[in-house]
Amino acid sequence: MAELLESTMLICFGLSWPMNLAKNIKARSARNMSIQFILLIITGYVAGISAKLYNHRFNYVLVVYLLNLVVVSANVVVYFINRRYDRQAQTADTSFKPSIHTSSDDRTQAAPKACTTGYPNGYKKGEDEMETYRELNSITEAGGVVLFGSNTFAALPVGELTQAFRITEPIYNRSIRDVRIDQIESYLKVCLYDLNPRKIFVNMGDIDILDDNVNVDNFISKYEWLLYMIHTKTQASIYIVPVVSDSPAAFKINQRLKSLASQTGCKYVDISGVLEAKRPTLRLFEILKVHMRNHPINFADAMEVGTLSNREREDVPNDGQTSAAPGLKQDVVYVKH
């Protein structure tokens with residue numbers, strides 16, 4: 001009976017390791033792995049096996065010890081493989097050069113301040129945003145709503161939109177221009193964890209789909225790991241916002257994101273019609289706004305969606321070109337292929 005209880009304990013304890021191994025393989029990063037902890041567990045299993053051998057107790061409990069040791073040891077191999085991936089990603093970041101699908105007139109405005117001088121290719125990705133966000137985090141309120149993504153979210157003028165839509169909940173935009181899914185992890189603490197938000201809207205992929213050979217399976221695997229890290233570090237409700245693009249790659253990714261949302265306990269935000277709207281910036285925010293509220297969606301909320309984005313443009317600047325909306329100078333430039 002004692003051996004049965006011991007083996008039950010080992011099985012229950014050991015079941016977490018295959019799950020952990022699978023997560024580490026999908027992550028392709030060693031940043032959240034502790035080699036010291038893994039080696040400590042291995043030492044414990046070796047001590048247990050040595051005790052069995054010393055006492056000549058060759059039974060099924062010894063087999064459970066050995067199985068657990070094999071799975072834990074596999075994490076050591078994955079750790080060093082992921083370390084290599086981290087080094088490759090770091091090298092890629094050093095040589096990263098932004099590529100934004102905007103018109104030539106908008107390119108100067110769309111590029112972040114970091115695209116000036118003093119860094120490889122004149123670009124220090126994300127550093128200006130992080131410096132600004134750290135400063136802003138000191139005056140934010142806990143329990144707010146955070147928009148977290150790449151160019152689509154980064155282009156949203158949240159301050160003007162929240163004022164125009166009379167939103168009282170604190171909303172913070174912590175998006176990083178030109179960031180890819182495999183580069184996002186280093187920004188999570190400043191952009192999400194330090195804010196202790198109530199709701200998080202995630203919109204990634206608008207830069208990844210610019211790669212003609214984008215691996216959808218690999219992208220979804222990294223997206224799942226991103227959601228896992230947010231789930232474990234925050235108590236926030238997570239909303240997955242699909243890629244705003246009509247490209248074939250975006251369609252495939254969005255189909256997978258919808259399934260991923262149900263699998264991970266997140267909410268999938270249907271943004272159908274954004275690209276066809278007269279004012280896509282407002283249409284996108286109108287859809288998000290409904291999910292930002294503390295109270296459940298009622299009939300009035302549903303009827304309100306689409307009123308501003310489909311309203312005829314009223315203000316025409318002196319140069320004769322229509323603006324996005326009163327107080328907004330430019331619509332978001334979405335990726336189209």
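Quick note: the coordinates plus some simple rules give every number you see, no bench work behind them. What you see is a predicted model; the values in this text were computed from it and never measured. Positions of Cβ are backbone-derived with ideal geometry, glycine not excepted, and every protein chain shown enters the neighbour counts.
Full extension of the chain segment joining residue 193 with residue 50 gains 47.2 nm, where the gain is 0.36 nm per residue of separation less the Cα-Cα distance.
Distances between placed amide hydrogens fall under 5 Å for residue 245 paired with no residue 5 or more residues away or on another chain. Extension gain, residue 137 to residue 77, is 17.8 nm, computed as 0.36 nm per intervening residue step minus the present C-alpha separation. Work through the residues other than residue 169 whose Cβ is under 10 Å from its Cβ and net out their charges, Lys, Arg +1 and Asp, Glu -1. Net charge in that neighbourhood comes out at +3. Pairs of Lys residues in the range 109-304 are counted when their Cα atoms are under 24 angstrom apart and they lie 8 or more places apart or on different chains; the count is 27. 3J(HN,Hα) couplings calculated from phi for the range 78-87 with the Karplus curve 6.51 cos²θ - 1.76 cosθ + 1.60 (θ = phi - 60°) are, in sequence order, 4, 4, 6, 5, 5, 4, 5, 4, 4, 5 Hz; Gly and Pro show x.
Taking amide H positions as modeled 1.01 Å from N, with prolines and chain starts lacking one, the residues under 5 Å from residue 173 and 5 or more places away or on another chain are 147. Evaluating 6.51 cos²θ - 1.76 cosθ + 1.60 at θ = phi - 60° for every residue in the range 53-61, the Karplus couplings come out as 5, 5, 8, 6, 9, 8, 9, 5, 5 Hz, glycine and proline recorded as x.
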